[in-house]
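Taken together, the values in this text are just the output of simple stated rules run on the coordinates, not laboratory data. Bear in mind that the values here come from a model prediction, so they are computed numbers and not experimental data. Positions of Cβ are generated from backbone atoms using ideal geometry, with glycine treated the same way; all protein chains shown enter the neighbour counts.
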Amino acid sequence: MKVVLLQPAVVFRARVNQASFSYPLADITYDGVTVGNPSAVQPGMTVVFGSSAGGDDLGRQRVRRGPTADTLYIGRSSRGSRDGEVDLADNAHVTVLDDYRVWAKISYIAADGTVYKDADLEVGTNTTTPPPVANAGAPTAGTIDRTTGKLRVQLPHGSNTSFAVAGTIASYSWTLPAGVTLLEGYNLDDPQIQVDCAPGFHWVALTVFDSNSKSHTARVPIFARDPAEDLCIGSCTIESHRITPQGQQISLRVLESIPEGSYPDGTLVMLWEGEPAGPADRSHLVFWGWHHNDPASIAASRTGILRGVTLECLDVAGKLDRLPGFTQSVEGKASPASWLEMASPNMDKYLHYLLHWHSTALEVADWTWTGTGAAFPFVVLGSDGASLFDQVEQRARALVPDYHLTCNRLGQLRMPVDPLLQDIAQRTATVQATLGEADWSEVRYARQRPGRYHWHRGNAVLASATEIAAIFCVAPGDAPAQGELAQEQGEQLARSQADLNACEGHRYARANAPETPFTITLAGGDDRGIEPADYTWVQLTISSSTAAQRGLAFTEARGLPLELNIRYDQRREGLARTVGLLWERETAGPPAVTYTVPVSDDPGGHGGGGMFPPPDWDLPEFDFGFDWFPSWGAVGAVTRAAVYVQSGAVETDAAASPIFIVPAGMVLRLKAAVARLGTAGTSSTSVRLLLNGQLIATLSFGAGGCTASQAVIDPSTGQDYLLTGGDYLSVQVTAAGAGAMGLCLLAVMRG
Amino acid sequence: MSTYKVADGHNIASANLVTVDPQPRSEGIKCTRRSYGADGSVYDEGRYVELLFSMLPDVATYQSVLQQFGVQAALTNQVTVLVRDEIFAWARVNGTAVRPEPGRDVRWSYFPRDITILVRDLEAAS
């Protein structure tokens, strides 16, 4: 096992040349260049500020774009000395390192409400035709060839998976640093190249251009080890190593001196075992990521002082999970004029939006999106404040069936579907490992036949670019099962009721799985290359001859690897590795049942006198704060939950175009009306709600971007309006200007 | 009859291995851990061999032995060795020699005694 910590080269040194500073700031003036020149400074590089040359006591940031002859552009920074902060003084030392990390890109809202990404980036066409994604492949490390003195590497290691978010990929361009030479027969505009790397550390860049003239640059690190001048950390053991679909965490106990001055906080870490079998081989790579923190110990003993430090390291997903993601939303708009608007929005584009504009993750790691594309459009979508990883993961899981943001062992970000929530026929057939009885030495599990949940309720909004309609379901059905608990899954985006029902049926079955996840100790200390991030199958066999006393046995049962825990026991005689696998056996269940409003208003329950009341529904919520009136589907009329004013004209009511007709046999109490006016609307907009042609409520707006709400009271009764089959609701809108408006009617079933 | 041999580096050909002088003894190649599969299959992990000297006549001889394994100036060294394997046949293997730890792998009592040259991480040589 070999470990290397990056000692980043200095590419530029200068001095701050500025008398005063107004925080937050995003650029500084410099002079007194002593190392390098501005052209060597690349976007994404780490810059440190110090009271002495190379020091970082005055803060650390990232270069956000190439500097001019006297101005350095950095991430937007408040005053301080931590990562993302600066505390500058005139003549402070500026040092730019050949070092790339995962940073959050901080947005900025100006006083006039204009949103800028990464300090000063205007929306332009960035949400109309977003830039492509460059995937340069996984990093590598290896010992140089004895004959050539070089390490030969293929980039990317597999096929080039760069892709266009809008349009198509038009061209590729590789940038090779000094010490990396292109092999004959390859060109720098080829999608795949082979290079020879001189001893040392190198960042190779790939820029892809799309048909909209947009571009994106990603970088991949390569380390070529020279045994004669070995930069690897020799005295090092692995304290812990955990591999999950969300990436790896590894702790390294280092016994030799690794001063912070040479190995900066947060520096790149690469860990590998053996040597690559060829230029494209990456199977020897165990981990790559960044140093996160380092618990240390100093102990005085009878015979001397014992020191130890443990480097806790995170991969790209781990870094994303420790960076801030702020509340935000995006709305569909044909011609976006703001970062809060997007042309033809769908979930994939939204996920790209989060990762590309709010972090540098895609500049240092490969990413592949869900591929669902236009199948999941939306009208408006937002995210709560959370870590950047959680923001993306939550939105991926909002798809029906769930997708996940994962990070494999090569540090590549992926978005696979969760096969346990798909119908069996649609589930992946890929088996990544088969564990026979020669492959495990211990299995632990618990079996529980009675379910844990008696009801699972699911709700979602139908994927649509024009309207917001909610759908519901309940598993196992109207009659609850025997479990103690009930659970709910909301905030989802579904293509159809059938899709939602299928997904939630499988989710219910999974929650009530008869066995807990199995804890398996793999024989021989071999992890069999199992990759939890792939969401593909691991098959397990427990035969009747090895089964426990209750007799649970199966042959090549499919399941998902949830976690690998590898314990390294470094003994005098050698390394003994113990690999523990957490494995979730495959489950499946019948579809959930579409939730329909009961026809009887009998307070006792369904159809008069049922023993069990129907579920109490919480109306689904999305991040933009609406409580949506469920759409029961057309009953010979257009049923809409949103009304759009297209060009300032009055949209007339009429019995011929109601927005909702109460189905026969249904009884509703109409409680309130809520409407939100789009940002382009004006204060001259009003909405009149009519019941059977009679005005019952008027909503007026103070300005565009506002919400108006009003309880709806029947004056004849002093209570909510009671609607029965055949009653219809319609809307009259008056607006001085064009704008979008969403209308919601809040109602509850029965009396 | 074969003897214990050593050379600096991995995958050194048999003809280029040098006889260890003086000759050690050993219990053959052992494993750090033996584990078992559910079907009874056996896995030996972390092969190593300990080359033992009960006593050497003087410091110079001890240091000469260290020099032969390349661990006089360094704590560890990559070597190719000819040793008895798990079934006591002679086998040429790559490994990492480790300088004896005083107090554990060597002790001084008028002479160097109970010396152990550990060669670990053994793999078949090509």
Inset, instruction - May I have the pair-distance distribution P(r) for chain B, computed from all Cα-Cα distances with 5 Å bins from 0 and rounded to whole percent? - result: 2, 11, 21, 24, 18, 12, 6, 3, 2, 1, 0
Inset, instruction - May I ask for log10 I(q)/I(0) of segment A:468-529 at q = 0.13 Å⁻¹, from a Debye sum over the Cα atoms as equal point scatterers with solvent left out? - result: -0.53
Inset, instruction - Would you mind checking which residues have amide H under 5 Å from A:Leu435's amide H? H placed 1.01 Å from N; only 5 or more apart, or other chain. - result: A:Gln539, A:Leu540, A:Thr541
Inset, instruction - Using every pair of alpha-carbon atoms in segment A:1-80, split the distances into 10 Å bins beginning at 0 and state the percent of pairs per bin, rounded to integers. - result: 17, 55, 21, 6, 2, 0
Inset, instruction - Can you give me the three principal axis dimensions of segment A:269-334 from its C-alpha atoms, in Å, biggest first? - result: 75, 41, 9
Legend entry - Whole-Hz ³J(HN,Hα) from phi, Karplus 6.51 cos²θ - 1.76 cosθ + 1.60, for segment B:71-80, glycine and proline x: 10, 7, 8, 10, 6, 9, 7, 7, 9, 10
Inset, instruction - Only bridges with both residues in chain A count here: give the DSSP antiparallel percent, nearest 5. - result: 90 percent
Inset, instruction - Report, by chain and number, residues whose modeled amide H sits under 5 Å from the one on A:Val400, excluding near sequence neighbours (fewer than 5 apart, same chain). - result: A:Leu493, A:Arg495
Legend entry - Hydrodynamic radius of segment A:296-352 per Kirkwood, over alpha carbon pairs, in Å: 16.1 Å
Inset, instruction - Take peptide A:436-442, look around each residue's Cβ out to 10 angstrom, count Cβ atoms belonging to other protein chains, and average those counts. - result: 5
Inset, instruction - Report the net charge of residues surrounding A:Ser335, where surrounding means a beta-carbon distance below 15 angstrom and charges are Lys +1, Arg +1, Asp -1, Glu -1. - result: -2
Inset, instruction - Starting from the Kirkwood radius over alpha-carbon pairs of segment A:399-489, derive D by Stokes-Einstein at 37 °C in a medium of 0.692 mPa s and give it in µm² s⁻¹. - result: 189 µm²/s
Inset, instruction - Enumerate by residue number the trypsin sites (Lys or Arg not before Pro) in segment B:74-124 meeting two conditions: DSSP loop (anything except H, G, I, E, B), and at most 13 other Cβ atoms within 10 Å of the site's Cβ. - result: B:Arg104
Inset, instruction - For every helix of n ≥ 4 consecutive DSSP H residues, a contribution of -39,500 (n - 2.57) applies; sum these over chain A, divide by its total residues, and give [θ] at 222 nm rounded to the nearest 500 deg cm²/dmol. - result: -2000 deg cm²/dmol
Inset, instruction - Work out Dmax and Rg for segment A:92-193 from the C-alpha atoms and quote the Rg first, both in angstrom. - result: 19.1, 64
Inset, instruction - Under 10 Å from the Cβ of A:Gly59, count the other residues' Cβ atoms, weight Lys and Arg +1, Asp and Glu -1, and hand me the total. - result: -2
Inset, instruction - With a/c under 1.5 counting as rounded, go ahead and sort segment A:272-404 into rounded, prolate or oblate using the C-alpha gyration tensor (a ≥ b ≥ c being the square roots of the eigenvalues; past the cut-off, prolate if a/b is larger than b/c, else oblate). - result: prolate
Inset, instruction - Quick one: grab the alpha carbon gyration tensor of segment A:350-394, order the square roots of its eigenvalues as a ≥ b ≥ c, and give me rounded if a/c is under 1.5, else prolate or oblate depending on whether a/b is larger than b/c. - result: oblate
Inset, instruction - List, largest first, the extents of the alpha carbons of segment A:449-498 along their principal axes, each in whole Å. - result: 44, 16, 14
Legend entry - Values of log10 I(q)/I(0), in the order q = 0.09, 0.10 Å⁻¹, for chain A under a Debye, Cα-only, solvent-free model: -0.96, -1.12
Legend entry - Gyration tensor (alpha-carbon) shape descriptor, segment A:44-154, a/c threshold 1.5: oblate
Legend entry - Fraction of antiparallel bridges per DSSP, segment A:307-440 only, in percent to nearest 5: 75 percent
Inset, instruction - Could you tell me the distance between the Cα centroids of segment A:173-249 and segment A:291-342, to the nearest Å? - result: 22 Å
Legend entry - Residue order, fewest to most surrounding Cβ atoms within 10 angstrom, among A:Tyr535, B:Tyr36, A:Tyr100: B:Tyr36, A:Tyr535, A:Tyr100
Inset, instruction - Evaluate the charge dipole of the protein assembly as shown about its Cα centre and quote only its size in Debye, nearest 20, assuming +1 on the Cβ of each Lys and Arg and -1 on the Cβ of each Asp and Glu. - result: 960 debye
Legend entry - Charge context of A:Leu582, other residues only, Cβ under 12 angstrom, K/R +1, D/E -1: +1
Legend entry - Under-5 Å amide H pairs with A:Thr71, H placed in peptide plane, nonlocal only: A:Tyr30
Inset, instruction - List the relative contact order of segment A:472-558 as a percent without decimals, with contacts defined as Cα pairs under 8 Å and 6+ residues apart. - result: 20 percent
Inset, instruction - Run through every distinct alpha carbon pair of segment A:31-70 and return the Kirkwood hydrodynamic radius in angstroms, one decimal place. - result: 10.9 Å
Inset, instruction - Please tell me which of these pairs span more than 31 angstrom C-alpha to C-alpha: A:Lys117/A:Lys150; A:Lys2/A:Lys319; A:Lys214/A:Lys333? - result: A:Lys117/A:Lys150
Inset, instruction - With N denoting the number of residues in segment A:319-381, provide Rg(C-alpha) divided by 2.2 N^0.38 Å, to two decimal places. - result: 1.17
Inset, instruction - Report the dimensions of segment A:489-565 along its three principal axes from the alpha-carbon atoms, largest first, rounded to Å. - result: 46, 30, 18
Legend entry - Hydrodynamic radius by Kirkwood, which averages 1/r over all alpha carbon pairs of segment A:437-596, in angstrom: 18.1 Å
